[in-house]
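Scroll down for the structure; my scribbles are underneath it.
The values are calculated or read from the model by the stated rules, or taken from the named source; none is laboratory data. These numbers come from a predicted model, not from an experiment. Glycine gets a Cβ as well: all are built from the backbone with ideal geometry, and neighbour counts include every protein chain shown.
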Amino acid sequence: MALIRNRYRPMRKLAHTTTNLKLQLPDDPRQEKAFANFQRISHPHLVKYLDDFIEGHTLYFVLEYCTGGDLYASINRGQNRRLDCVDALAVIKQVAEGVAHLHSHSIAHRDLSLENIMLSQGVFKIGDFGLSTRTDELCFESVGKAYYMAPEVVALKVMYDPKASDMWSLGIILFILVTGSPLVPLATEENSAFRAFKKVGVREVLVAWRMADVLDERALELLDGLLQCDPNKRMTIEQVLSHDAFERKANAA
C-alpha cells in the first residue's frame with residue numbers, strides 16, 4: 001500500500017530556507033502517520049523534512065527549499081542539454097546514495113525523474129515522495145512519469161517489485177543525462193522504439209544514435225545493467241554503488 005495516495009503541490013516559499021507543501025489528508029490515518037514518520041528519515045541526498053502541521057482539514061509538510069531548482073531545468077539551461085560522462089556519473093552517484101537510503105528503510109520512490117531531483121548548494125537531493133511505497137509489498141499501480149516508467153509498471157494488472165522499478169528509472173535518468181533524450185516514450189510492446197530496444201539493447205541504441213562514444217565501457221555496463229527489461233536481471237542499488245564506473249570517477253578526481 002502506498003504511504004500516501006494524494007500528490008502534494010507546492011504552495012508558497014517560507015522565507016529563503018523552506019517550502020510549504022499542501023497535502024490533502026489521506027483516507028487512512030495510518031498512511032498519514034507513516035508518511036510523516038518517513039519524512040523524518042534524514043539523508044544528505046533526500047530533500048529534508050522540517051516540520052508538519054494541520055490547519056482545518058489539510059495537512060502541511062514544511063520541507064527544505066532547494067535554491068538550485070530541479071535537475072531537468074538545470075540540464076535544459078545548458079547549450080547541449082546533456083552532461084559529459086564524468087559529470088553524469090557524479091550526479092547518478094548522489095542520487096543512488098539517496099535511493100539506497102530509501103531502500104534500506106523499506107521505501108521505494110516510484111517517481112524518480114530529472115524533475116524530482118533537486119539541487120541545493122551543489123548537492124543533488126531526491127524530492128516529491130507522493131508516490132512512494134513500502135517495499136515489503138508488491139505493487140500493481142501504473143504510476144510515475146511515462147519516460148521513466150519500467151516495463152512492468154507500464155503493463156496493466158502486473159504485480160511488480162517497486163525497488164526494481166526504481167532502478168529502471170535511475171537508468172533512464174543516466175541515459176537522459178548523457179544523451180539529452182529519453183530512451184523511449186513509453187516502455188510498452190505497443191511502442192515500436194521500445195520493441196527495437198528490447199531486441200538489441202541499450203548499447204546498440206547508442207550506436208544507432210551515434211552516441212556510443214559518449215560513455216566509456218564501465219558506464220555502458222552500468223546503463224546495460226539498469227535498463228534490463230526483466231526486473232529480476234536488473235541491477236540492485238547495492239550493485240550500482242559498488243560498480244567500477246564510480247571507482248573510475250573517484251580515481252580520476
| query | Just wondering, is there one or more residues in segment 165-180 that are surrounded by fewer than 22 Cβ atoms within 10 Å (Cβ to Cβ) and either out of contact with any Lys or Arg (no Cβ under 7 Å at 6 or more places or on another chain) or among the aromatic types (Phe, Trp, Tyr) (or both)? | reply | no
| field | Which numbered condition Lys199 fails, given (1) closer than 24 Å to Ile92 by Cα; (2) without any contact (Cβ under 8 Å) to a residue 40 or more places away in the chain; (3) in a helix (DSSP H, G or I) | value | (1)
| query | What pairs come up if the first residue lies in segment 30-58 and is basic (Lys, Arg), the second is at pLDDT 60 or above, and their beta carbons are under 6 Å apart, counting only those six or more places apart or on different chains? | reply | Arg40/Tyr49; Lys48/Glu64
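Given the options Val91, Val123, name the one that is touching a strand residue (DSSP E or B) at 6+ places or on another chain (Cβ under 7 Å) and surrounded by fewer than 22 Cβ atoms within 10 Å (Cβ to Cβ).
The unique qualifying residue is Val91.
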| Selected residue (only one of Ser165, Ser113 is in contact with an Asp or Glu (Cβ under 8 Å, 6 or more places away or on another chain), among the hydroxyl-bearing types (Ser, Thr, Tyr), closer than 19 Å to Val240 by Cβ and in the same structural domain as Met235 (by TED's automatic domain parsing)) | Ser165
| said: Looking at segment 98-106, can you tell me whether even one residue there is assigned to a loop (DSSP other than H, G, I, E, B) and surrounded by fewer than 18 Cβ atoms within 10 Å (Cβ to Cβ)? | reply: yes
| message | Return the residues of segment 221-252 that are touching a helix residue (DSSP H, G or I) at 6+ places or on another chain (Cβ under 7 Å) and modelled with pLDDT under 95; say none if nothing qualifies. | response | Asp244, Ala245, Phe246, Arg248, Lys249, Ala252
